[in-house]
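Below you'll find the structure, written out as structure tokens, and then a few comments.
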Amino acid sequence: MAASAAALYTLYALRATRRTTTSTASTSTPSHRYTRAQFAELTLRPIHVYLRFHVLDSPADANEPIAMTSATTFANVTDSPIHSLALNATNLGVDRVAIVSRELPKLTIPPIVPAKSDLLAIGAALDVALDVHAAVPNPAEDALVDCAYALADNMLNVKLPQPLAPGEQLTLAVYNSARIRDGLLEGIYKDYTPDAAPQTLISQCQQWGFQRIVPAVDDNRAKAYYTVTIDAPNTYSRLLSNGDPAPGFATPQPHPSLDGMQRMRYHNHATNMPPYLFFFGVGSYTTHSSLIEYPDGRTVDLELIVPSDGLIARDDCLAALASLKSAMMWTHLSTGPQAFVKAAQREELRRPAAAAARNQLAAAAAAFGQLGHAFDGAVMRELAMVNSMFGGMENRTVTTILASVIAPSPYVTDPAYEYLEGVKAHEFYHDLNGSRVTGATPFELWLNEAVTVHIERMYLSHLFGHDYVRLKEVTYATRPGSGPLANDASALSMPIEPSGFNRPDELISSVTYFKGPEFVRMVESLVGPDAFMRGLDAYYRKYAHANATTADWVATLSESTGLDLGPMADGWLKRPGHPTLHVAAPAWDPATGAYSVQLRQSGFGTGAPWIFPVAWAAMADDGSQLARGTTVVDAKSAAIEVSGLAVKPAYISIARGFSFFGRLDVAESSPELDALQARTDTDVVARYFAYRRLVDRTKAAYIDARLSGSDAAFVVPEAVTAAFTAVLADTLLSSACKARFLAEPSALETATHLNVHYDLLDDAKNAVYTAVYDAAGPEVWAAFDAGLAGAIDSRPVLESGNSKLDAFRREVPGRSLATTLADVLVAALGKDPPPMMTSGCSSARDLAEVGRELWASGADRAMSLRKLGAKLVLNSRASADDKAAFRAQMREAWASHPDGFEQFLWVMTSIDSPDAAAALRAVVDHDELIDLVQASQARALVRGWSAARRWSLLTHDGLALLEDIFVAVANINEYFASGVLSAFSDLPQMTGKHKARLIAALQRMQARLSKDHQFGLWSAIQRQLDAAATAADPSC
């Protein structure tokens, strides 16, 4: 993922040729600090950046451990002379600025790729011209001409000794230092360091972190080639940067003049990159290696680089390399302009060839036409980072991935394993979509990410099956209160391509990472998969080694496919929100066999109607399709019309596959019809929506009865329990699909006005699960046990050749079903029946004992087993003392590993009982391992406790804890703290004293912020308060 910049921002100036300032009146709130108008074309274009890092053995200041030298070759790409320039330089100390007077090769300006001989020559010349210790001018030196400069407002303003004429080039050298600050995970910062090892230092440059390392044009358009030299003490085992090792540097070499020091050099000369993809790292690491061989015989070395203290075991690292190899080979074989030509036969090319068969293999590959992206370097690396705001970052040739999800270790949960497989494909595809072709501005972040997520989804479908992956996406999209559809309708929503932003991390949201990919998917649906892939290829070829805008992408695909995508793109990209499709009851004429369904869309306000595809099928009651098609809705109203049908369809299956990003309002809905569709629809998404309508209707009835004060016994309809057991027994659904299908959301997709009653929603869910257990307890236990045993689904596992990775691929689907069924067991056996419910639930098996057995069996095997065991114990009928003892045991078992302590925090935030806040408060306030500078801990506390709304919002102690977590995290990392605000997304729909109580909480949180220094969070809270006021209830 190309993730956002770090969380604490000063007001950055973005342009290299002029300063951008913003004034904020104290009596008003500005709309945006950054708009597209501020991102003009560069006048001074970087072509090559020469960097030298001198890591000090014993720095006088531990927070200034590196001395930097940079020499950037710029070209004047305007028609006028340039007399001065300005470089972004945030929190840097500058010692000297000079022009390199030595004659250097003149480089061609990308997208014309400079000759590699010229890049090598300019690096060699700068080696001679620059001395890493020459921060003070040497009178005998004639290679540098000093420049007058001023450092102010995070900008380095340089007056050139003489004007730079149009078309001419200069190389500007700067000697500087950078200051490291704890908690600021941007620029160069400290990462996890093994005991007795020198301090690990790594960088994060997305979005504007490069300017915290050296003065630079820190802009997406400042794409350049890099030559990087790192001098560091011999105590470091790896010195890392972008590109391939330079000739003579297969391994670090002794420093030519300093004892106890080593030198490493890298050439990033194959593909120019924007500054946000730069990487620097020094640390004590162990390197695990593998190799990928492409069908044409070319090989690429693969490296997995992890902390040297055994944080990740060797076998786990080899499994991670197998996963990376799988993703890279799939990208090569299954993307590209002819991706769907002989797709099945391409699988044969995945196997490495013996030397004798290599020519035959290459010939076979040629027969498939142009293949997809292949890595153009000699070495592809993945580096394990422990402290980061992001799961992964696609730094050119050195992808950084969280240690907790880089390898299938015993600390990886099953959802994290699925993320692991996806993130490797995702970050590798960024080598094409983001590196080779780069979005022109931060406003194109959606484009870098949305297309990449679309490709990642294709890969995950290849691994786990299309139905499961799509159902996983849909259950996330429709998650009430916190899913992308809910976020898109909230007060904090922004368009996919907004008109402006205050902090770059505002662009890192479900809008970018889900709604954007859904737009891309709708485009693919309209033009067809083959045409879509050809259009992407045309785009990548046209803008290789350059930048592209959203308009460029839309225009290229429109030209390539012959379909004008402009109106559709304008509607989806430029405004927030989404359509609701109202589906009328079908009309049937038995005389002619004519069948029609009227469609009407809403949600476009005063603008143009949304344009989107609606996939549909007219279904018989046995699940056979009588007719099917795709209707493009581009007006307020549309119709599905079929003629000549011999029998009346039993129902219309609409928006199959979740064919558009939006909501459905189906007029022809009844318990009987929904139950029929939930049993027979061949589209898993439409079938799921029918099931959700059936169950939500029951849950809404239960909540309404509770709100009315009724004390009558509530009975869950047999149709609901029968639908549950039918899905559980369905041999055509994978275990993973069943897990997604049967997991009860914490809110309602329909009757959304009830979603503010978090306690009643929880009780309604437990009422359904209790009824299910009453009706089918033995079947639930049998499926639970089979899932834990790793029962293999009918769908074959795609083998990687690595036994550990393949074991995860086999076992995760069954375990995910067992995890869902554990909720049924907890509701039925671990809790008292919800009010108005009677239950005869019982079992010969003790839930806490089952949990302890799972806890023990998961040691050194699967974190999900241990977490599942903990869930059963902590939500069982075990005594309070027994639960406290188990929590202590859990904490002790996991405390020695950073990933283990993160999982301990996740478990603590998920305790579902009245003492949840007290138990978590004890950890937050008193556990010696709590350190919110560690992103993993902040992430677990914010996301976990924000999601536990019954306890975090509805109880006094829980709300006070949520406020304290928010403020503590906000003082370190605004990006993570913003996650707390999602807990208040239902505020506009609330009424009465409860609404007033949460408004007061938001006001207290806002008052504890600095408006000047934490403006992004402050303004986000203000938007929520404004939205709540607009929907104010008189009773508040």
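The values are calculated or read from the model by the stated rules, or taken from the named source; none is laboratory data. What you are looking at is a predicted structure, and each value in this text was computed from that prediction instead of being measured. Methodologically, a virtual Cβ is constructed for each residue, glycine included, from the backbone with ideal geometry; neighbour enumeration extends over all protein chains shown.
So the values come out like this:
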read-out	value
Count of residues meeting criterion [without any contact (Cβ under 8 Å) to a residue 24 or more places away in the chain and either part of a loop (DSSP other than H, G, I, E, B) or under 14 Å from Leu825 (Cα atoms) (or both)] in the stretch 859-890	2
Some residue of the stretch 1011-1028 being over 28 Å from the mean Cα position of the chain (by Cα), more than 19 Å from Val967 (Cβ to Cβ) and surrounded by fewer than 19 Cβ atoms within 10 Å (Cβ to Cβ)	yes
Helices (runs of 4 or more DSSP H) fully within the stretch 648-747 counting 1 or more residues that are acidic (Asp, Glu)	671-680, 684-708, 718-729
In the stretch 131-153, the residues that are modelled with pLDDT of 95 or more and outside any strand (DSSP E or B)	Cys147
Test: residue in the stretch 533-540 that is on the phi > 0 side of the Ramachandran plot and surrounded by fewer than 22 Cβ atoms within 10 Å (Cβ to Cβ)	no
Tally of residues being touching a Leu at 6+ places or on another chain (Cβ under 7 Å), closer than 16 Å to Ala888 by Cα and among the aliphatic types (A, V, I, L, M) across the stretch 849-875	1
Residues of the stretch 190-241 that turn out to be touching a helix residue (DSSP H, G or I) at 6+ places or on another chain (Cβ under 7 Å), not β-branched (Val, Ile, Thr) and not in a loop (DSSP other than H, G, I, E, B), as a count	3
Residue list for the stretch 32-77, restricted to those being within 30 Å of Ala143 (Cα to Cα) and among the β-branched types (Val, Ile, Thr)	Thr43, Ile47, Val49, Val55, Ile66, Thr69, Thr72, Thr73, Val77
Subset tally (residues that are in a loop (DSSP other than H, G, I, E, B), touching a helix residue (DSSP H, G or I) at 6+ places or on another chain (Cβ under 8 Å) and modelled with pLDDT of 90 or more) for the stretch 834-858	4
Filter result (farther than 25 Å from Ala477 by Cα, without any contact (Cβ under 8 Å) to a residue 40 or more places away in the chain and hydroxyl-bearing (Ser, Thr, Tyr)) within the stretch 607-661	Ser624
Considering residues of the stretch 904-957 that are outside any helix (DSSP H, G or I) and among the small types (Gly, Ala, Ser) only, the residue surrounded by the most Cβ atoms within 10 Å (Cβ to Cβ)	Ala948
Subset of the stretch 472-497 [closer than 17 Å to Ala1028 by Cβ and either touching a Leu at 6+ places or on another chain (Cβ under 9 Å) or among the basic types (Lys, Arg) (or both)]	Ala491, Leu492
Checklist (1) over 26 Å from Ala544 (Cβ atoms); (2) surrounded by fewer than 24 Cβ atoms within 10 Å (Cβ to Cβ); (3) in contact (Cβ under 8 Å) with a residue 24 or more places away in the chain applied to Pro215, failing item	(2)
Test: residue in the stretch 1003-1013 that is basic (Lys, Arg), outside any helix (DSSP H, G or I) and touching a residue at least 24 places away in the same chain (Cβ under 8 Å)	yes
Test: residue in the stretch 807-815 that is in a helix (DSSP H, G or I), of a type outside the set (Val, Ile, Thr) and under 30 Å from His956 (Cα atoms)	no
Residue under evaluation Arg436, criteria (1) within 16 Å of Thr271 (Cα to Cα); (2) crowded, with 24+ Cβ neighbours inside 10 Å; (3) among the basic types (Lys, Arg), criterion not met	(2)
Enumerated strands (runs of 3 or more DSSP E) restricted to the stretch 242-317, each holding at least 1 residues that are assigned by TED's automatic domain parsing to the domain that holds Asn220, within 23 Å of Arg396 (Cα to Cα) and among the charged types (D, E, K, R)	261-273
Considering residues of the stretch 39-64 that are of a type outside the set (A, V, I, L, M, F, W, C) and modelled with pLDDT of 95 or more only, the residue farthest from Phe280 (Cα to Cα)	Arg45
Odd one out for Leu694 among (1) hydrophobic (A, V, I, L, M, F, W, C); (2) touching a Phe, Trp or Tyr at 6+ places or on another chain (Cβ under 7 Å); (3) buried (at least 21 other Cβ atoms within 10 Å of the Cβ)	(2)
Ala477 being more than 29 Å from Arg810 (Cβ to Cβ) and either in contact with a strand residue (DSSP E or B) (Cβ under 6 Å, 6 or more places away or on another chain) or not assigned by TED's automatic domain parsing to the domain that holds Asp1012 (or both)	no
All positions within the stretch 60-71 that are surrounded by fewer than 24 Cβ atoms within 10 Å (Cβ to Cβ) and over 14 Å from Tyr236 (Cβ atoms)	Ala60, Asp61, Ala62, Asn63, Glu64, Ala67, Met68, Ser70
Helices (runs of 4 or more DSSP H) (entirely within the stretch 511-629) containing at least 2 residues that are out of contact with any helix residue (DSSP H, G or I) (no Cβ under 9 Å at 6 or more places or on another chain)	529-542, 566-573
Count - residues of the stretch 442-481 that are surrounded by 23 or more Cβ atoms within 10 Å (Cβ to Cβ) and not in a helix (DSSP H, G or I)	1
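To keep it simple, each residue is scored yes or no on (1) over 19 Å from Ala148 (Cα atoms); (2) outside the structural domain of Gly260 (by TED's automatic domain parsing); (3) outside any loop (DSSP other than H, G, I, E, B).
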{"position": "Phe53", "(1), (2), (3)": "yes, no, yes"}
{"position": "Glu64", "(1), (2), (3)": "yes, no, no"}
{"position": "Thr72", "(1), (2), (3)": "no, no, yes"}
{"position": "Gly93", "(1), (2), (3)": "no, no, yes"}
{"position": "Val97", "(1), (2), (3)": "no, no, yes"}
{"position": "Leu107", "(1), (2), (3)": "yes, no, no"}
{"position": "Pro110", "(1), (2), (3)": "yes, no, no"}
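Rundown of residues vs (1) touching a residue at least 60 places away in the same chain (Cβ under 8 Å); (2) in the same structural domain as Ser936 (by TED's automatic domain parsing); (3) part of a helix (DSSP H, G or I); (4) closer than 23 Å to Thr193 by Cβ, yes/no style:
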{"site": "Asp376", "(1), (2), (3), (4)": "yes, no, no, no"}
{"site": "Leu383", "(1), (2), (3), (4)": "yes, no, no, yes"}
{"site": "Tyr411", "(1), (2), (3), (4)": "yes, no, no, yes"}
{"site": "Tyr417", "(1), (2), (3), (4)": "yes, no, yes, no"}
{"site": "Glu421", "(1), (2), (3), (4)": "yes, no, yes, no"}
{"site": "His426", "(1), (2), (3), (4)": "yes, no, yes, no"}
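Here is a yes/no grid of residues against (1) over 15 Å from Val453 (Cα atoms); (2) out of contact with any Phe, Trp or Tyr (no Cβ under 9 Å at 6 or more places or on another chain); (3) acidic (Asp, Glu):
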{"site": "Pro480", "(1), (2), (3)": "yes, yes, no"}
{"site": "Pro484", "(1), (2), (3)": "no, no, no"}
{"site": "Ser493", "(1), (2), (3)": "yes, yes, no"}
{"site": "Phe501", "(1), (2), (3)": "yes, no, no"}
{"site": "Pro504", "(1), (2), (3)": "yes, no, no"}
{"site": "Ile508", "(1), (2), (3)": "no, no, no"}
{"site": "Phe514", "(1), (2), (3)": "no, no, no"}
{"site": "Glu518", "(1), (2), (3)": "no, no, yes"}
{"site": "Ser525", "(1), (2), (3)": "yes, no, no"}
